[in-house]
Amino acid sequence: MMRKRLLPSLILLLCLPVLLRLGFWQLERADWKEALLTRIDANRQLPLADLPERFDGAWDWRRVRAACTLDGGPWRRVRGGESTTGASGFVYEARCQNLPLSLVAGWAARHTQLPPKSSRLVVEGLLYDRRGGGGPALIGKPDPARDWVLHADTPLAGLAPAAKPSAASIANTHRSYAVQWFSFAAILCVVYALALRRRA
């Protein structure tokens, strides 16, 4: 009898804590996301401010003015994206030597743009963290590093304005994910009970 119960019991002991931990982790993510969205809403109402050389998450989704020194090297990133009119093409990002961020320099319909020359620009635009600020770690793993982006209001010469990101795309679906993980845990318990009943 003990041998018949051993395998289902091992499966339950191994899987149930993981499922429960994932459920509680999603609840932590939900609280973090609510705080993030609240901060974004507040920051979007703030006036234009000069960005210091050292800044933190309190500046996420703020309109800022920053002095960016372009390094004159190749584009930091070229990715597919849209213009402000909705046309498909390429979005160009440059490096700022003096700041830990990427500068969204503008948009072009074709991937033929030469990289910008080394220069110092005063840029106004929207500052945001591309990775969303990390959030609670998954079972002891550290938060991912931030990836700051400054989306320039005025594109560099030869480029058109690129479409800005929308905070509306940041959805808080973590509570529904938590319900799913807890449901899987409940189903596992039911299957375990049925397996013991059958083996008995």
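List of remarks:
- Residue count for the range 20-64, restricted to those that are assigned to a helix (DSSP H, G or I) and either free of Cβ contacts under 8 Å to residues at least 40 places away in the same chain or not charged (D, E, K, R) (or both): 21
Matching residues to (1) more than 22 Å from GLN180 (Cα to Cα); (2) modelled with pLDDT under 90:
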| site | (1), (2) |
| --- | --- |
| PRO17 | no, no |
| ARG44 | yes, yes |
| LEU48 | yes, no |
| ALA67 | yes, no |
| PRO74 | yes, yes |
| GLY86 | yes, no |
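- All told, GLY80 meets the bar of being in contact with a Ser or Thr (Cβ under 9 Å, 6 or more places away or on another chain) and not in a loop (DSSP other than H, G, I, E, B).
- The listed residue being exposed (fewer than 14 other Cβ atoms within 10 Å of the Cβ) and over 29 Å from the mean Cα position of the chain (by Cα), out of LEU6, LEU46: LEU6
- When restricted to residues that are within 14 Å of GLU124 (Cβ to Cβ) and in contact with a Ser or Thr (Cβ under 7 Å, 6 or more places away or on another chain), the range 43-72 contains 0.
- Selection count where residues are touching a strand residue (DSSP E or B) at 6+ places or on another chain (Cβ under 8 Å) and either of a type in the set (Lys, Arg) or closer than 24 Å to GLN97 by Cβ (or both), scope the range 41-54: 5
- Conditions (1) at pLDDT 90 or above; (2) over 30 Å from GLN180 (Cβ atoms); (3) in contact with a Lys or Arg (Cβ under 7 Å, 6 or more places away or on another chain): number failed by PRO100: (3)
- Residues satisfying the stated conditions in the range 71-108, i.e. free of Cβ contacts under 8 Å to residues at least 24 places away in the same chain and more than 22 Å from the chain's Cα centre (by Cα): THR85, ALA87, SER88, GLY89
- Total residues in the range 82-101, condition within 18 Å of PRO52 (Cα to Cα) and buried (at least 20 other Cβ atoms within 10 Å of the Cβ): 4
- Subset of the range 145-200 that is part of a loop (DSSP other than H, G, I, E, B) and hydroxyl-bearing (Ser, Thr, Tyr) - its residue that is modelled with the highest pLDDT: THR154
Each row is one residue, and each column tells you yes or no for (1) surrounded by 15 or more Cβ atoms within 10 Å (Cβ to Cβ); (2) closer than 30 Å to PRO17 by Cα.
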site	(1), (2)
PRO155	yes, no
ALA160	no, no
ALA171	no, yes
HIS174	yes, yes
TYR177	yes, yes
SER183	no, yes
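The values are calculated or read from the model by the stated rules, or taken from the named source; none is laboratory data. Note that the structure is predicted; figures quoted are calculated from it, not measured. All Cβ positions, glycine included, derive from the backbone under ideal geometry; neighbour counts span all protein chains shown.
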